[in-house]
Amino acid sequence: MGVLSDADILRYLEKGELAIEPFAEAHLTPNGYDVSVAQVALPAADVRVKDGVARVPPMTRFAVGTQEVVTLGRHLAGQIWLRTTWARRGVLSSFGMIDAGFSGALTFGALNASHESLEVPIGERFAQVVFLTLESPASATYERRSGTYQGQRGVTLGRP
């Protein structure tokens, strides 16, 4: 596996083997792409914020849905990383992989582990996706293997 550089990402976008909608060149990093907040959900309070600023109380679990819809071809996977800006504010989160063939907005679970309220502005960059090339194309993509969250939009906390 190899990590795509910014130039590689642009080339994959141009070839149609990767799609990020909407795409903003300002979100491109030397080796990834920053995705931004479209929605914040506070499951315990049954609150969803889509405009302005979400206020997350101390020691509270929350979820973020991205503005961007990411579509990966059969040769690509993605690793998700919390931007260090949020870690410095006391956010803890565990991310994983985006499987080859996935298409949809992303949902991230997180915890405001600080003792202060956290403000999460809608539109703010939250996580970075690092794209990886597979040594060979996936024989069966995410849609065929599982597909549980294929096509999701907004915060998706779980599906049956």
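No value in this document is a laboratory result; all are computed from the given coordinates. For clarity, every value in this text was computed on a predicted model and none was experimentally measured. All Cβ positions, even for glycine, are placed from backbone atoms using ideal geometry, and neighbour counts span all protein chains on display.
Any chance you could check the Cα centroid distance between the stretch 74-118 and the stretch 28-56 for me, in angstrom?
Using only Cα atoms, the two centres lie 10 Å from each other.
Report, by chain and number, residues whose modeled amide H sits under 5 Å from the one on V47, excluding near sequence neighbours (fewer than 5 apart, same chain).
L42
Normalised by the residues of the stretch 1-128, what does the relative contact order come to in percent, with Cα pairs under 8 Å and at least six apart?
That works out to 32 percent.
Sort V47, V69 so that the residue with the fewest other Cβ atoms within 10 Å of its own Cβ comes first and the one with the most comes last.
Starting with the residue having the fewest Cβ neighbours, the order is V47, V69.
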